[in-house]
Amino acid sequence: MGVSERIKNVRQKKGLSQKELGALLGVSQQMIGQWESPRANLTLETMQKLATALEVSLSDIMGIEEFNKLVETKSQIKRQIDNGIITTLPSSLLDNYSKLNDTGKREADKRVQELTEIPRYTQKENNAPDKEE
């Protein structure tokens, strides 16, 4: 069962219509319908808001397997931050990275490595603005 099906099932078990859930979250009934669509690609933030509004855990929305993957990814990144390997990391990057499977994560790592080899994308020591090439 996917995230969208879980959202719909939990909402229905709670006796809420899409309109009522939308009102709790400050979004339209149509937005709830989109989130319940199998094509939906929800952010972690949206799933957390849904879990809170539906009074269930994030793992109830995500599914235990996906939730465990997320926890492991965040744990790995926290260890890297604690060890000084990573000094700053935007939460959107973590959210997007956590959506990737192992193949996608390897590809993302390669692409970030490629970007570090392009001078216009690397930070200058004197913090001078990059010039367009």
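If you take the residues of the stretch 53-67 that are assigned to a helix (DSSP H, G or I) and open to solvent by 70 Å² or more (accessible area, probe 1.4 Å), which of them is nearest to Glu5 (Cα to Cα)? Step through it out loud before you land on a result.
Of all residues in the stretch 53-67, those assigned to a helix (DSSP H, G or I) come to 53-54, 58-62, 64-67.
Subsequent filtering for residues that are open to solvent by 70 Å² or more (accessible area, probe 1.4 Å) retains 60, 64-66.
Working: Asp60: 11, Ile64: 14, Glu65: 15, Glu66: 14 Å.
Within the stretch 53-67, the match that is nearest to Glu5 (Cα to Cα) is Asp60.
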From the option list Glu125, Glu132, Glu20, single residue qualifying as on the phi < 0 side of the Ramachandran plot, of a type in the set (Asp, Glu) and either at pLDDT 80 or above or part of a helix (DSSP H, G or I) (or both) is Glu20
Looking across the stretch 86-112 at residues that are in contact with a helix residue (DSSP H, G or I) (Cβ under 8 Å, 6 or more places away or on another chain) and among the aliphatic types (A, V, I, L, M), the single one that is farthest from Glu20 (Cα to Cα) is Ile86
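With the requirement that a residue be touching a residue at least 12 places away in the same chain (Cβ under 8 Å) and either open to solvent by less than 40 Å² (accessible area, probe 1.4 Å) or among the polar types (S, T, N, Q) (or both), what does the stretch 1-15 give you?
Going residue by residue through the stretch 1-15, those that are touching a residue at least 12 places away in the same chain (Cβ under 8 Å) are 1-8, 10-11, 14.
Across the stretch 1-15, the qualifying residues are Gly2, Ser4, Ile7, Val10, Arg11.
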* Going by the conditions given, is Leu100 open to solvent by less than 100 Å² (accessible area, probe 1.4 Å) and modelled with pLDDT of 70 or more? -> yes
Would you confirm whether or not the stretch 42-52 contains a residue that is open to solvent by less than 70 Å² (accessible area, probe 1.4 Å), closer than 18 Å to Lys105 by Cα, not in a helix (DSSP H, G or I) and not charged (D, E, K, R)? yes
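How many residues does the stretch 27-41 hold that are outside any loop (DSSP other than H, G, I, E, B) and open to solvent by 70 Å² or more (accessible area, probe 1.4 Å)?
Narrowing the stretch 27-41 to residues outside any loop (DSSP other than H, G, I, E, B): 29-35.
So of that shortlist, the ones also open to solvent by 70 Å² or more (accessible area, probe 1.4 Å) come out as 29-30, 34.
Adding up the residues that qualify gives 3.
Would you mind finding the one in Leu24, Leu70 that is in contact with a helix residue (DSSP H, G or I) (Cβ under 6 Å, 6 or more places away or on another chain), of a type in the set (A, V, I, L, M, F, W, C) and open to solvent by less than 50 Å² (accessible area, probe 1.4 Å)? Outline the logic, then answer.
Values: Leu24 fails: open to solvent by less than 50 Å² (accessible area, probe 1.4 Å).
Answer to the selection: Leu70.
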Leu115: passes all of (1) surrounded by 13 or more Cβ atoms within 10 Å (Cβ to Cβ); (2) among the hydrophobic types (A, V, I, L, M, F, W, C); (3) assigned to a helix (DSSP H, G or I) but (1)
Flag if Lys78 is assigned to a helix (DSSP H, G or I), open to solvent by 40 Å² or more (accessible area, probe 1.4 Å) and within 21 Å of Lys105 (Cα to Cα): yes
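The values are calculated or read from the model by the stated rules, or taken from the named source; none is laboratory data. Not measured: the values here are computed from a predicted model. Using ideal geometry, Cβ is built from the backbone for each residue, glycine included, and neighbour counts are taken over all protein chains shown. Just so you know, the surface numbers come from the protein's heavy atoms only, side chains and all, with ligands and any DNA or RNA stripped out. Shrake-Rupley method; radii C 1.70, N 1.55, O 1.52, S 1.80 Å.
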